[in-house]
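Report on one structure; see the data block that follows.
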Amino acid sequence: MAAEIAQLLLSVIQGIPGGATNDDLNKALSDMPAATRVEGLNILLQQGGIEVLKKGEKLIYRAKDPQKKSALPKDADNEEKVVYSIVEEGGNKGIWIRDIRIKSNLNMTQLNKILKNLETKKLIKAVKSVNASKKKVYMLYNLEADRSVTGGAWYQDQDFEVEFVDVLNQQCLRFLQMKRETAEKKRDGPLAFKQMSCCSVKDVHKFISDLGISKVNLDEDDLETILKTVVYDGNAERILQSDGAYVYRAVNMPLPAPGLVQMPCGICPVIKNCSDCGDVTAINCQYMKDWLD
């Protein structure tokens, strides 16, 4: 009898993709006593057929994918199941403890205890985010954190690898310049020169991989990020192809900017406050003194 009730509840919950509230179940099964409904829901929770979420003050019962097996042990209590399902929803980008508390409606003491238990059982893990060094996000233990959390190849233990990026920038530029020099030696005309001096991201990726200067695996997206910095530095141009892909080409450096253009006044953040008298004047400006020296 209990199994039949659980199956009846499951069929109602499966019919509501976003999850069913107690009001939804009460409306669909108005003849079923509340105690019987709770008994059926507990059976479904123990079997792993549904998961429980909280939206505001309301409980949401949502059917689980039968092909997706939960790593939670059968003896896990309902609070652990709620927290685990919330963390699972966060995917490989994780979820802040504050958001877990809001969704689970648990107090911090109870939530910290549950998170600690799940971490000890290696069901979830806490990962520091480069976006907020003092905060952690929680995700399932077997997931690899998204690069938006770890910072990707450019971060090591939350520290930006400035020297590593600089080396890659220099080597990418060197490869583009080598291609340009080779094309110039051919002397096959302007169109052929332009075509021969262009490099795809795939070409640059192979060059960097063959050099073996990186201890981490870099994909083409990583190298395209570096190539964009070369473009922003004014050392290369990015050209859109007819197939929608981009190629890169080294450009000759322009003449150095004349001294007048390099005056600090052009980028001074307090230029509007500068006058003949007062705290901000050209006479007392340290930047102006450094430029004149």
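The values are calculated or read from the model by the stated rules, or taken from the named source; none is laboratory data. From a predicted model like this one, the values you see are computed outputs, not experimental measurements. Here Cβ is always computed from backbone atoms with ideal geometry, including for glycine, and neighbour counts include all displayed protein chains. The protein model used for the area step is the full one, side chains on, heavy atoms only, and it has no ligands, DNA or RNA in it. Shrake-Rupley method; radii C 1.70, N 1.55, O 1.52, S 1.80 Å.
Based on the mean of other beta carbon atoms within 10 Å per residue, what is the order of 208-221, 79-92, most packed first? Walk me through the numbers on the way to the answer.
Working: 208-221: 12.3, 79-92: 19.2.
Ranked from most to least packed, the peptides come out as 79-92, 208-221.
Given axes a ≥ b ≥ c from the Cα gyration tensor, I'd like to know whether region 161-250 is rounded (a/c under 1.5), prolate (a/b larger than b/c) or oblate.
Values: a/c = 1.92, a/b = 1.66, b/c = 1.16.
In terms of gyration-tensor shape, prolate.
Just list whichever of Lys228/Lys289; Lys179/Lys202; Lys103/Lys135; Lys185/Lys228; Lys179/Lys228 have alpha carbons separated by over 23 Å in the model shown. Could you put the intermediate results ahead of the total?
Working: Lys228/Lys289 35 Å; Lys179/Lys202 14 Å; Lys103/Lys135 18 Å; Lys185/Lys228 26 Å; Lys179/Lys228 17 Å.
In this structure, Lys228/Lys289; Lys185/Lys228 exceed 23 Å between Cα atoms.
Please work out how much length the chain gains when fully extended from Asn42 to Lys27, using 0.36 nm per residue of separation minus the C-alpha to C-alpha distance, in nm with one decimal.
3.5 nm
One-quarter of the Cα convex hull surface for region 2-63, in nm²?
3.8
How many percent of the accessible area of region 161-250 is carbon or sulfur, using a 1.4 Å probe?
Working: 2720 of 5640 Å².
Of all accessible area on region 161-250, carbon and sulfur atoms account for 48 percent.
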